[in-house]
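The values are calculated or read from the model by the stated rules, or taken from the named source; none is laboratory data. Computed from a predicted structure; not experimentally measured. Please note: Cβ atoms are built from the backbone with ideal geometry, for glycine as well, and neighbour counts cover all protein chains shown.
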Amino acid sequence: MEYIEDETLECLNDGDNKCDGEIVFRESLSGTGTPIPRCDHHWDEALQRDEEIRERYPALQPQDFDPNYCGERWYEDE
C-alpha cells in the first residue's frame, strides 16, 4: 500500500479530543499488519490495553485448564 508523504494524517481515536504527539502509521496489534494512524498518546493506550488483554488471555493454557469441564478447547487445532 502506498502512502503520500505530505498526507495529513488523522488519528483513529481523534474523536475523544485527547490526541497528543506525532501521528504516524503504526502496525495493527491484532496481527493483521494493517497500518493504522495513531498519535503517540493513543498508541501508548493501545499498547497498554493489548498488554492487559494478553495477561488476561495467555497464549498457553493454564495448568488447571480442563477441556472436559465445559467442552471447550484452548487451541483451535485440537
>> So Met1 passes all but one of these: (1) touching a strand residue (DSSP E or B) at 6+ places or on another chain (Cβ under 8 Å); (2) modelled with pLDDT of 90 or more. Which condition number does it fail?
In response: (2)
>> Could you check the range 21-56 and list, in sequence order, the residues that are among the charged types (D, E, K, R) and farther than 14 Å from Leu9 by Cβ?
In response: Glu27, Asp44, Glu45, Arg49, Asp50, Glu51, Glu52, Arg54, Glu55, Arg56
>> Can you report the number of residues in the range 53-67 which are polar (S, T, N, Q) and at pLDDT 80 or above?
In response: 1
> Which of the residues that make up the range 13-37 are basic (Lys, Arg) and surrounded by 13 or more Cβ atoms within 10 Å (Cβ to Cβ)?
Replying inline: Arg26
> How do the pairs read when you match residues in the range 49-65 that are free of Cβ contacts under 8 Å to residues at least 12 places away in the same chain with residues anywhere that are surrounded by 10 or more Cβ atoms within 10 Å (Cβ to Cβ), using Cβ under 7 Å and keeping only pairs 6 or more apart or on different chains?
Replying inline: Phe65/Trp74
>> Looking at Gly21 and the list (1) on the phi > 0 side of the Ramachandran plot; (2) modelled with pLDDT of 95 or more, which single condition is not satisfied?
In response: (2)
